[in-house]
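First comes the structure, then the notes that go with it.
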Amino acid sequence: MVADSETTSSSVKTNLLGTLELALLMPQGTDRFSNDRDTALRSFIVPALLFPASLIAVYMSPGAMADTSTNTIALLYSLRLFASWVLFFGFVYWILREVGRMDHFYRFVTANNWLTVPATAIFIPVALMVVTGSHTMTDLYPFMLCLMGYTYFFTAFMAAHVLRVPLEFAGFLAFIAFAIDQGTTDFVQWVGGIL
């Protein structure tokens, strides 16, 4: 039991280090992630644990769902997260199978899930500025777009180095992630506006 907790602790440290290295565009970060199915499945815990931070951001921003109950918003965004995972990883699986690059798929899933840590962390200052009242969401929107672009860039960087594909191909995968995220968000807001 003690050995398992030490192994888990070491694995978390290694994955966090790899995450930091990838966010800083250091290619050696990709080697820190395991390339096995069990690790890839366990890595879904990371975005699930960070999901409440996303919900807080949704609650803070007025929009089409301003009159929707918090429980309904939580349910809709939970379904959106699941749909995004299925669509994105399903698409990546399909395209990698078509181009014969399946040998690093599980490492890609693991690294992609762990990259939610820096992607969430860089938005914390934005949330603090809104909560403290020093800025409004409208004021910070251009800054948020830059941060979002950076997160998709380091995701493409990760994909290029994990999958050993050209940066253009990895950029295409990051664009697909953006399109799926935007499409599912728009759909959830549309449904929330109806409810």
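Coordinate-derived values only; no laboratory data. Everything numeric here is computed off the predicted structure, so don't read it as measured data. Quick reminder, even Gly has a Cβ in these numbers, built from the backbone with ideal geometry, and neighbours come from all protein chains shown.
Overview of results
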| item | result |
| --- | --- |
| q = 0.08, 0.10, 0.15, 0.18 Å⁻¹, the chain: log10 I(q)/I(0) [Debye, one scatterer per Cα] | -0.29, -0.45, -0.98, -1.31 |
| Leu128 paired with Ile194, simple spin-label distance in nm, labels 7 Å along Cα-to-beta-carbon | 4.1 |
| Highest-MSF residue in the chain out of Ser84, Ser134, Ser11 [GNM, Cα springs under 10 Å] | Ser134 |
| Charged-residue dipole, Cβ positions (Lys, Arg, Asp, Glu), the chain about Cα centre, Debye nearest 20 | 180 |
| Helical segments meeting 18 Å axial Cα length and Kyte-Doolittle 1.0 threshold in the chain (DSSP H) | 45-60, 70-99, 137-163, 167-194 |
| Percent of C-alpha pairs per 5 Å bin, the stretch 142-195, short to long | 5, 20, 19, 19, 15, 10, 7, 3, 2 |
